[in-house]
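S.K.: Questions regarding the structure given below will be posed in turn.
The values are calculated or read from the model by the stated rules, or taken from the named source; none is laboratory data. On a predicted model such as this, the values are computed, not experimentally measured, just so you know. Heads up, the Cβs are rebuilt from the backbone with ideal geometry, glycines too, and the neighbour counts pull from every protein chain shown.
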Amino acid sequence: MTKQRCLMIGVGGMARHWIHNVWRTFSDRMEFAGLVDINQAALYETADTLGVSRTHCFTNMAEAFEKVDADFCCIVTPPQFHADAVKLACARGMDILSEKPISDTWEGCVEIYQAVQKAGVKMLVTQNYRYTPRILTLKKAVQSLGAINYAVCRYAADYRKPLAWGAAFRHEMRHSLMVEASVHHFDQLRNLTGGDCLTLSGYEWHPGQIRGDDAKYAGSNSFKGETNGMFVMQFNTGSVGSYEGNNLATGKQNSWHSEYYRIECEGGTVVLDADHVVRIEERTSQGTLSVREVPTERPQYEGHYAMGAQMLDWLEGGEAPATVVSDNIKSNAMLFAAIEAAATNSVVNVQAMVEAATKA
């Protein structure tokens, strides 16, 4: 089998996980054709570790795309740089695997979508949360209980200390909850309900700032931008969703990979909490409550590994994965609709956003 050649855009942060864990798992199917990063020291260190020639290392993306012969690129940079990388890939006819979100703005998402469609290249967006055992188990349980009435998601993390969220930019940027966290959860609500969002409304806020002084809410001065969000949404399947996001949680935590979900279905309710056990709650004909645990699904590949496998399968002629850019733009629309809804105190027509972005 001919190995797929990857141009890696970024070698730090999450890119380290891709390079040293995910892609090494598939070393029999892919190889690095080139590496790009603005940090030359990190770039050369990674190249030496991988055995990649320094002649295939670049601090300039445009030069890398011009000189490197690759089958696809893997983009693991901050979201504001995604559009530039995607347009360079499209100009070369190169397929794309990119970290979420598609871009840091809705305009950037639309620009990327249209560039990919025009170039006719493949683009997969990393939504690794769909492929964890807890979520695969949850979805299977939901599918066994008939129509969904509504779905609830709660994310709560205690990031009240500066840098508690792992990187300074998350504490300094606007809409960090939405862009860095909620895009996963909105995508998850689409995944679990099997529907696309029609409308969305709600609020994002910073509890110190809305009181006029960061000091008036303890811990909120660890962030410059919005830390909290609460939203409701309608889906085209007849289901309704609600979302609670909190980066200043002072009580029970439902942080990364421990989010709380409750899906109310016609045949029972499915609950998943921080203990990672999926439970089905059902009322018996006698009116008593029955609770049963669901055996955990154990896929061959989980999380980012599942995304890597899907990308390679697709490149080798397999079916398109679920989170291709033409589908994932619907999850990104929810993200930017939430920001707009909060800013304008309005109900946003998410379906209209997607239709306008994807029309020929």
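S.K.: Listed residues Y44, Y129, Y113; which is within 17 Å of the chain's Cα centre (by Cα), over 24 Å from Y305 (Cβ atoms) and assigned to a helix (DSSP H, G or I)? Talk me through it step by step, then tell me what you get.
M.R.: On the way: Y44 fails: within 17 Å of the chain's Cα centre (by Cα); Y129 fails: over 24 Å from Y305 (Cβ atoms).
Result: Y113 is the single residue among Y44, Y129, Y113 that is within 17 Å of the chain's Cα centre (by Cα), over 24 Å from Y305 (Cβ atoms) and assigned to a helix (DSSP H, G or I).
S.K.: So if I check each of E111, E107, which one is free of Cβ contacts under 8 Å to residues at least 12 places away in the same chain, within 24 Å of A356 (Cα to Cα) and either in contact with a Leu (Cβ under 8 Å, 6 or more places away or on another chain) or not assigned by TED's automatic domain parsing to the domain that holds S222 (or both)? Quick ask: steps written out before the conclusion?
M.R.: Values: E111 fails: free of Cβ contacts under 8 Å to residues at least 12 places away in the same chain.
Matching residue, one of E111, E107: E107.
S.K.: Sticking with this one: Anything in region 68-102 that is touching an Asp or Glu at 6+ places or on another chain (Cβ under 9 Å), in a loop (DSSP other than H, G, I, E, B) and not aliphatic (A, V, I, L, M)? List them, or say none.
M.R.: Of everything in region 68-102, those that are touching an Asp or Glu at 6+ places or on another chain (Cβ under 9 Å), in a loop (DSSP other than H, G, I, E, B) and not aliphatic (A, V, I, L, M) turn out to be D71, T77, P78, K100, P101.
S.K.: Kindly state which strands (runs of 3 or more DSSP E) lie completely within region 266-351 and contain at least 2 residues that are of a type in the set (D, E).
M.R.: Details: elements: 268-272, 278-283, 289-293.
Those strands (runs of 3 or more DSSP E) span 278-283.
S.K.: Scan (1) in contact (Cβ under 8 Å) with a residue 24 or more places away in the chain; (2) in contact with a strand residue (DSSP E or B) (Cβ under 7 Å, 6 or more places away or on another chain); (3) within 23 Å of Q143 (Cβ to Cβ); (4) surrounded by fewer than 20 Cβ atoms within 10 Å (Cβ to Cβ) for the single condition M233 breaks and write down its number.
M.R.: (4)
S.K.: Does region 147-162 contain any residue that is surrounded by 21 or more Cβ atoms within 10 Å (Cβ to Cβ) and farther than 29 Å from T344 by Cα?
M.R.: Yes, some residue in region 147-162 is surrounded by 21 or more Cβ atoms within 10 Å (Cβ to Cβ) and farther than 29 Å from T344 by Cα.
S.K.: Please determine whether any residue of region 307-317 is polar (S, T, N, Q) and within 16 Å of the chain's Cα centre (by Cα). Before the answer, list the steps.
M.R.: Within region 307-317, the first condition is being polar (S, T, N, Q), and the residues that meet it are 310.
If we keep only those that are within 16 Å of the chain's Cα centre (by Cα) as well, we get 310.
Among the residues of region 307-317, at least one is polar (S, T, N, Q) and within 16 Å of the chain's Cα centre (by Cα), which makes the answer yes.
S.K.: Restricting the search to region 197-214, which residues are among the charged types (D, E, K, R) and crowded, with 18+ Cβ neighbours inside 10 Å? Break it down stepwise before answering.
M.R.: The initial filter retains those residues of region 197-214 that are among the charged types (D, E, K, R), namely 204, 211, 213-214.
E204 - this is the single residue of region 197-214 that is among the charged types (D, E, K, R) and crowded, with 18+ Cβ neighbours inside 10 Å.
S.K.: Further question on the same structure: Hey, could you check region 294-328 for residues that are without any contact (Cβ under 8 Å) to a residue 40 or more places away in the chain and among the acidic types (D, E) and say which is surrounded by the fewest Cβ atoms within 10 Å (Cβ to Cβ)? Don't jump to the end; show me each part of the working.
M.R.: Start the filter on region 294-328 by keeping residues that are without any contact (Cβ under 8 Å) to a residue 40 or more places away in the chain, which leaves 300, 313, 317-319, 327.
Now narrow it down to the ones that are among the acidic types (D, E): 313, 319, 327.
On the way: D313: 14, E319: 8, D327: 17.
It comes out as E319.
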